[in-house]
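To keep things clear, I will list the structure first and then write my remarks on it.
The values are calculated or read from the model by the stated rules, or taken from the named source; none is laboratory data. Here the structure is a predicted model, which is why all the values come from computation and not from measurement. For neighbour counting, all protein chains shown are included, and Cβ atoms are generated from backbone atoms with ideal geometry for every residue, glycine included. Each accessible area value is taken on the protein alone, full model and side chains, heavy atoms only, with ligands, DNA and RNA left out. Shrake-Rupley method; radii C 1.70, N 1.55, O 1.52, S 1.80 Å.
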Amino acid sequence: MDSNASKGGARRQFLQRSARLGAAGGIAALFGGWSTGVRANAVQARNAFLRVGTYKGGDSYYFKEAGVDQIPYRTQLAEFAAGNLIVEALAADSLDLGGMSEIPPIFAAASGAKMKVVAVLRGDVNNQVVLVPKGSKIADPAQFKGKRIGYARSTTSHYFLIKLLKENGLTFKDIEPVALAPQDAFAAFKSGQLDAWVIFGLVVELAKSQGARVLRTADGYLSGNYVISAATKAIADPVRHAAIGDYLQRISKVYDWINRNPQPWSAKSGQIAGVPAQYFLNQVSQRSQPYKLTAIDDAAIASQQQVADVFADAGLLARRIDVRPLWDRSFSTYL
């Protein structure tokens, strides 16, 4: 969930959505398809005001299609360009909830940010790749020595590159690393200023359409775990806790809808992004696994610990981080 990163900071577009509060019976009816735990908290959740970080074209755009747009509490959506910016907003108490890859929370933990991971979104890693320009003679990452390699700092692409270099007996000292936001890196890649580019998301399809070649996908390098995080203050508030649990179930239903309806999802996504729907269909056909929101398990925590250890070993963290305190399992009953 680090796609579309922008070094200029978060471009926030605040959208207001509110619903009139009905009688307790009417509210409970809205939760009719939810779990017992959610229905039990329905009356409490209706009084919540939830601030949610999202992305352009993200899951919040498909609530109506998934049939979960009748939210019985007030929400405020803020669009961000990258997961690390959502983490910053959570830490600053500007948001209650938001998604990102498993990496930004590690750096948040290192700085003592007051946030927790509350759910895991298992998803695709084949849309995270190493690209080389059209006509490039590079056939293997072992040939990266002395080359200009683009990546996005403190993201999945950064981690992917560290792992890839190590596998081939190289380090960052053996290459000319170029840390750029995806938009800037795309321009540098197109103009021949990068020999290879480790990148993710829709820009992969854009680059491929202009002749770029995929050297490697992140399958086997990344876990496929993305996460939903919440501010500790919101978690501690019983009213917002109930609303977060409900909102997680709505997100889960959105991804179920997307998995069942790739054609309409791709059509709308293409309209939002201003690109051919086929780019999104390509992502669906090539993905390593469908997206699914799940409760926290030990494997997800162990995966993030491995990532944190890799960043620590690379000297990118001031100290080794124990990620276990980052996780909050209190929302498992909702998922």
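In region 180-190, how many residues are modelled with pLDDT of 95 or more and not in a helix (DSSP H, G or I)?
Total satisfying the criteria: 0.
Which one of the conditions (1) touching a Pro at 6+ places or on another chain (Cβ under 7 Å); (2) farther than 21 Å from ARG122 by Cα does LEU326 fail to meet, given that it meets all the rest?
(2)
Enumerate the helices (runs of 4 or more DSSP H) found wholly within region 234-335, keeping only those where 3 or more residues are open to solvent by less than 20 Å² (accessible area, probe 1.4 Å).
Answer list for region 234-335: 238-260, 262-273, 298-313.
Could you figure out which of (1) surrounded by 22 or more Cβ atoms within 10 Å (Cβ to Cβ); (2) modelled with pLDDT of 95 or more isn't true of VAL214?
(1)
If we scan region 152-172, do we find a residue that is open to solvent by 30 Å² or more (accessible area, probe 1.4 Å), within 30 Å of GLN70 (Cα to Cα) and not hydroxyl-bearing (Ser, Thr, Tyr)?
No.
Of the numbered conditions (1) of a type in the set (A, V, I, L, M, F, W, C); (2) within 21 Å of GLY53 (Cβ to Cβ); (3) modelled with pLDDT of 95 or more, ALA267 satisfies every one except a single condition; which is it?
Every condition holds for ALA267 apart from (2).
Would a scan of region 160-177 turn up a residue that is in a strand (DSSP E or B) and either of a type in the set (A, V, I, L, M, F, W, C) or under 25 Å from the mean Cα position of the chain (by Cα) (or both)?
Yes: one or more hits.
Looking at region 311-321 only, could you name the residues that are touching a residue at least 24 places away in the same chain (Cβ under 8 Å) and either touching a helix residue (DSSP H, G or I) at 6+ places or on another chain (Cβ under 6 Å) or at positive phi (or both)?
The answer is ALA314, LEU317, ILE321.
Quick check on my filter: what residues within region 74-110 are open to solvent by less than 10 Å² (accessible area, probe 1.4 Å), in a loop (DSSP other than H, G, I, E, B) and either charged (D, E, K, R) or modelled with pLDDT of 95 or more (or both)?
Those that are open to solvent by less than 10 Å² (accessible area, probe 1.4 Å), in a loop (DSSP other than H, G, I, E, B) and either charged (D, E, K, R) or modelled with pLDDT of 95 or more (or both): LEU95, ASP96.
Condition test on GLN304, is it under 16 Å from the mean Cα position of the chain (by Cα) and farther than 30 Å from LYS114 by Cα?
Judged against the criteria, GLN304 is not a match.
What do you reckon, is LYS116 open to solvent by 30 Å² or more (accessible area, probe 1.4 Å), outside any helix (DSSP H, G or I) and at pLDDT 95 or above?
yes
Every residue in region 187-204 that is surrounded by 21 or more Cβ atoms within 10 Å (Cβ to Cβ) and out of contact with any Ser or Thr (no Cβ under 9 Å at 6 or more places or on another chain), please.
Listed by number, the residues that qualify are PHE189, LEU194, VAL204.
Among the residues of region 142-151, are any surrounded by fewer than 17 Cβ atoms within 10 Å (Cβ to Cβ), free of Cβ contacts under 8 Å to residues at least 40 places away in the same chain and not in a helix (DSSP H, G or I)?
Checking region 142-151: at least one residue is surrounded by fewer than 17 Cβ atoms within 10 Å (Cβ to Cβ), free of Cβ contacts under 8 Å to residues at least 40 places away in the same chain and not in a helix (DSSP H, G or I).
Taking the stated definitions as given, is LYS145 in contact with a Gly (Cβ under 8 Å, 6 or more places away or on another chain) and among the basic types (Lys, Arg)?
So LYS145 fails the test.
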